[in-house]
Structure formats: structure tokens, C-alpha cells
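Report on the following structure.
The values are calculated or read from the model by the stated rules, or taken from the named source; none is laboratory data. The structure displayed is predicted, hence computed values, not measured ones. A quick note on method: Cβ atoms are made from the backbone with ideal geometry, for glycine too, and the neighbour counts reach across all protein chains shown.
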Amino acid sequence: MTEAAPARVVADADVLAADVLCGDDNPARDALDHVRRHSWVTLVASDPLLDDGEAVIRDLSDASLADAWRERIEREREAVEHPEDDHPALASAYRGDAAHLLTYEESLRSAKAGLSLQPHMPVSVRSPDAFARLFDPASLYEAVEGGEYPGPDRDPRA
């Protein structure tokens, strides 16, 4: 089993869509803004994961928003590949050595799922609100980059 990188994050399709569709005051946006604010934190996602997110946005909104979102997320994410039949978010976390998986899917966040995942991949599966609440950029920066945390270095809305 490889070591998961603590500054690598996967957001499931439901979280990716909620970030776009639920406005400014929502846990998905708060969680992903933590990622976007820091150049040293990486959003990891496979093409199938982005396909799922795009489909949700297209179904709940319109094609132009889904297309614009896809264009932006392609620039923001680090791409990983995985077998076609794998769960896109879990496989992205596994193949991308991500330490965090954000999802609203309760079955992935259950204790049973955690016990079955841990022997194969050291990933923390959390809801976006839990990740946003527990994210500590200063201690993460010290562990990942070393030195004193300089503060956010990107505008999450840019």
C-alpha cells in the first residue's frame, strides 16, 4: 500500500456538482475553496469522475453551465486514470494517492466502508462540511511544505 499524500483531495461527483449548483453558502463550496486557495493542495479527479459531475450539473441546470464548469475543472484538477468499472471517486483517490475523499454518499462514509478501505488505501472519507471544519492549512503546510504557513496564495473565485 502506498502512502497517501495529505495535500491531495478527491471530491465525488455529488460534491463537485453541489459546489457549482448550491450557491455561496454551502459545505461543498467551503471545502473546495480550501483546495482552490492553496497552490500546494491538489484536486485529483479522473475523466469518469468529471463526466459524472458534468452529467449532474447538466441534468440539474443546463448545458452551458456544465460546459463552462468542465472547461474550468479540467484546468484545476490533476488527472488520473483507472479501470473503467471502478467507482470514479474511490479509484481517483486510490490512483491519485489522495488522503481525502469528500462525498455526500453515506455508504462511503460509514464505519463499515472505512474498515474495508483502510487495508487497501489510507484515505479519510468525509462529508464536505466535516472536511471544511477540520481543514487546518497551517499544520498541513508545515507537514507538506515545511516552514511557516504563508496564508492562502490563490483566489478561489478566480
Cβ pairs under 7 Å, 6+ apart, first in segment 114-133 and more than 17 Å from Asp97 (Cα to Cα), second modelled with pLDDT of 85 or more and surrounded by fewer than 18 Cβ atoms within 10 Å (Cβ to Cβ): Ser127/Tyr104
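Every residue, every condition in (1) under 21 Å from Ala79 (Cβ atoms); (2) over 8 Å from the mean Cα position of the chain (by Cα); (3) among the acidic types (Asp, Glu), yes or no:
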position	(1), (2), (3)
Ala11	yes, no, no
Asp14	yes, yes, yes
Ala17	yes, yes, no
Gly23	no, yes, no
Asp30	no, yes, yes
Thr42	yes, yes, no
Ala45	yes, no, no
Leu49	yes, yes, no
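In segment 1-32, what count of residues is obtained for those that are polar (S, T, N, Q) and closer than 17 Å to Pro156 by Cβ?
Residues meeting the conditions: 1.
So, in segment 38-55, how many residues would count as being buried (at least 17 other Cβ atoms within 10 Å of the Cβ) and in contact (Cβ under 8 Å) with a residue 60 or more places away in the chain?
Residues flagged as buried (at least 17 other Cβ atoms within 10 Å of the Cβ) and in contact (Cβ under 8 Å) with a residue 60 or more places away in the chain within segment 38-55 amount to 2.
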Some residue of segment 91-105 being under 14 Å from His34 (Cβ atoms), at pLDDT 95 or above, hydrophobic (A, V, I, L, M, F, W, C) and under 17 Å from the mean Cα position of the chain (by Cα): yes
Those residues of segment 68-86 which are aliphatic (A, V, I, L, M), assigned to a helix (DSSP H, G or I) and either surrounded by fewer than 17 Cβ atoms within 10 Å (Cβ to Cβ) or at pLDDT below 95 (or both), in sequence order: Ala68
Matching residues in segment 130-154 - criterion: being surrounded by 14 or more Cβ atoms within 10 Å (Cβ to Cβ) and within 14 Å of Val9 (Cα to Cα): Ala130, Phe131, Ala132, Phe135, Pro137, Leu140, Val144
Scope segment 56-67; condition assigned to a helix (DSSP H, G or I), more than 17 Å from the chain's Cα centre (by Cα) and either of a type in the set (D, E, K, R) or surrounded by fewer than 20 Cβ atoms within 10 Å (Cβ to Cβ) (or both); matching residues: Arg58, Asp59, Leu60, Ala63, Ser64, Leu65, Asp67
Tally of residues being in a loop (DSSP other than H, G, I, E, B), under 25 Å from Leu16 (Cβ atoms), modelled with pLDDT of 90 or more and not acidic (Asp, Glu) across segment 106-149: 2
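How about segment 1-26: which of its residues are assigned to a loop (DSSP other than H, G, I, E, B) and modelled with pLDDT of 90 or more?
Correct list: Asp12, Cys22, Asn26.
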Residue check, Ala45 outside any strand (DSSP E or B) and hydrophobic (A, V, I, L, M, F, W, C): no
